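I have placed the structure first, in the form of structure tokens, so that the comments after it can refer back to it.
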Amino acid sequence: MTATTRPDGLAAYAAVTAAYWAFMLSDGALRMLVLLHFNALGFTPIQLAYLFLFYELAGIVTNMSAGWIAARFGLTSTLYAGLGLQILALAALAQLDPSWTVGASVAFVMAVQGASGVAKDLAKMSSKSAVKVLAPEGDGTLFRWVAVLTGSKNAVKGAGFFLGAVLLALAGFQTAVWAMAAVLALILAAVALFMPSGLPKGKKGTRLRQIFSGDRRINLLSGARMFLFGARDVWFVVGIPVYFQSVLSDGTPAGARAAFFVIGGFMAAWIICYGAVQAAAPKIVRAQGRPAGEITRIAARWVAALTVIPFALAGAALLAGGPSTALTVTLIVGLLAFGFVFAINSSVHSYLILAFTSAERVTMDVGFYYMANAAGRLTGTLLSGVSYQLGGLPLCLATAGVMAGASWLVVRRIEPRAAAA
């Protein structure tokens, strides 16, 4: 990218980041609304996991095709489509009727969450791909821009977790959903009005089969990403929120509202801290001037450290024998440590996928990579409900450790190839 296009590229990067922030705020709030609302209605851990399965499954399908769609029709088209579809999903969710049966409610929310999953991955793929296109080359800007976008996105999503819990406690489910849909519609209109030029417009000759990468580094990195996010979602989606609600709620409406605030606050704090560490990752790992091969070795060391944490927490939960104040404090400290190490891994992965790909293939390689990310989240979501229901918190956390260990085994195989490249 030349010096004459950098100001325009910077403006487009800022607009894309703002749109992504707005989307992730609504995404975090929606997840917390659905989880806490249906847990309060008495849904089992497995039923709660079912609510999010289509969300993650839709991500797999979307990312397989979204890279091609963006390459064919342009990044702004997929970004606007993601925001618009999220608005429609929120409007549909507001039609949920409390008189419906459990089966009907689960099926309906699964379908709506599936649409939201499509929206999320259209917006994510568009935003992440734009960084590769817009960042100046050769001065370390790529890693910094990736880290800022990813870190700030997760901080905003964390705020969304807290916002969702607060809205549920103060305004109720339907009012909260309608309010988010209205605000997101205003933001979409503003972004469409003020989006500057700078994003690729698409190429008509792009073929669907080109989404599959021939670069083994990208395929291995995608596999490592799948297991990494599975390790996070195994405890994050169902296990820890359900455990905290069982500890904090006293069975009264006032106790349930207080539990919403505390759980939403913890989940928000975790995501916000995670995002802050992601944004600082280039400095933490001292990435300036280091080649991709060396940064790949850094990724292997950090995921090895990550593997230890959930196994240690699983042991603590097993020894505790049940909920207690000491266990709750241990979990909070341990999960914050998990978040720090996980954030470094996630940020390094987000840099490596853009370092390994080319500007011509960026949307397709990023789409394939995030397809693997969605597959990990889908696996983690399902295992979160199943492991918690079968073995409680110890099995849930031990499963997270197994997933992190699998990510370490895969990422180690990238090292020699990254160094050679």
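The values are calculated or read from the model by the stated rules, or taken from the named source; none is laboratory data. In this text the structure is predicted, and so the values were computed from the model without any measurement. We place every Cβ from the backbone using ideal geometry, glycine too, and count neighbours over all the protein chains shown.
Here's the yes/no breakdown for (1) surrounded by 20 or more Cβ atoms within 10 Å (Cβ to Cβ); (2) out of contact with any strand residue (DSSP E or B) (no Cβ under 7 Å at 6 or more places or on another chain); (3) at pLDDT 80 or above; (4) basic (Lys, Arg):
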site: 232; (1), (2), (3), (4): yes, yes, yes, yes
site: 235; (1), (2), (3), (4): yes, yes, yes, no
site: 241; (1), (2), (3), (4): yes, yes, yes, no
site: 251; (1), (2), (3), (4): no, yes, no, no
site: 264; (1), (2), (3), (4): yes, yes, no, no
site: 267; (1), (2), (3), (4): yes, yes, yes, no
remark   = Taking segment 277-291 and keeping only residues that are on the phi < 0 side of the Ramachandran plot and surrounded by fewer than 17 Cβ atoms within 10 Å (Cβ to Cβ), one is left with 280, 283, 288, 290, 291
task = Kindly list, by first and then second residue, each pair from a residue in segment 343-371 that is of a type in the set (Asp, Glu) and buried (at least 24 other Cβ atoms within 10 Å of the Cβ) to a residue that is at pLDDT 85 or above and assigned to a helix (DSSP H, G or I), limited to pairs with Cβ atoms under 6 Å and residues at least 6 apart or on different chains.
result = 365/218
inquiry  = Going by what's in this entry, would residue 104 be described as at pLDDT 75 or above, over 29 Å from residue 15 (Cα atoms), surrounded by fewer than 24 Cβ atoms within 10 Å (Cβ to Cβ) and not polar (S, T, N, Q)?
reply    = yes
request  = Could you check how many residues of segment 221-254 are of a type in the set (Asp, Glu) and in a loop (DSSP other than H, G, I, E, B)?
outcome  = 1
task = Search segment 241-258 for residues that are over 17 Å from residue 49 (Cα atoms) and pair each with any residue that is outside any helix (DSSP H, G or I) and modelled with pLDDT under 70 when their beta-carbon atoms are under 9 Å apart and the residues are at least 6 apart or on different chains.
result = 256/250; 258/250
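Return yes or no: is residue 123 surrounded by 22 or more Cβ atoms within 10 Å (Cβ to Cβ) and not basic (Lys, Arg)?
Criteria met by residue 123.
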message = So, residue 312, is that one free of Cβ contacts under 8 Å to residues at least 24 places away in the same chain, surrounded by fewer than 17 Cβ atoms within 10 Å (Cβ to Cβ) and either more than 30 Å from residue 26 (Cβ to Cβ) or not hydrophobic (A, V, I, L, M, F, W, C) (or both) or not?
response = yes
query = With respect to residue 257, is the statement that it is on the phi < 0 side of the Ramachandran plot, more than 24 Å from the chain's Cα centre (by Cα), assigned to a helix (DSSP H, G or I) and of a type in the set (D, E, K, R) true?
reply = yes
ask   = Residues in segment 322-335: is at least one within 16 Å of the chain's Cα centre (by Cα) and surrounded by fewer than 24 Cβ atoms within 10 Å (Cβ to Cβ)?
value = no
Residue in segment 12-38 that is nearest to residue 168 (Cα to Cα), counting only those that are in contact with a Pro (Cβ under 8 Å, 6 or more places away or on another chain) and at pLDDT 80 or above = 36
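Let's see how each residue does on (1) modelled with pLDDT of 85 or more; (2) touching a helix residue (DSSP H, G or I) at 6+ places or on another chain (Cβ under 6 Å); (3) β-branched (Val, Ile, Thr); (4) at negative phi:
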residue	(1), (2), (3), (4)
157	no, yes, no, yes
169	no, yes, no, yes
187	no, yes, yes, yes
198	no, yes, no, no
202	no, yes, no, no
207	no, no, no, yes
219	yes, no, no, yes
inquiry  = So, in segment 373-402, exactly how many residues are among the hydrophobic types (A, V, I, L, M, F, W, C) and surrounded by fewer than 24 Cβ atoms within 10 Å (Cβ to Cβ)?
reply    = 7
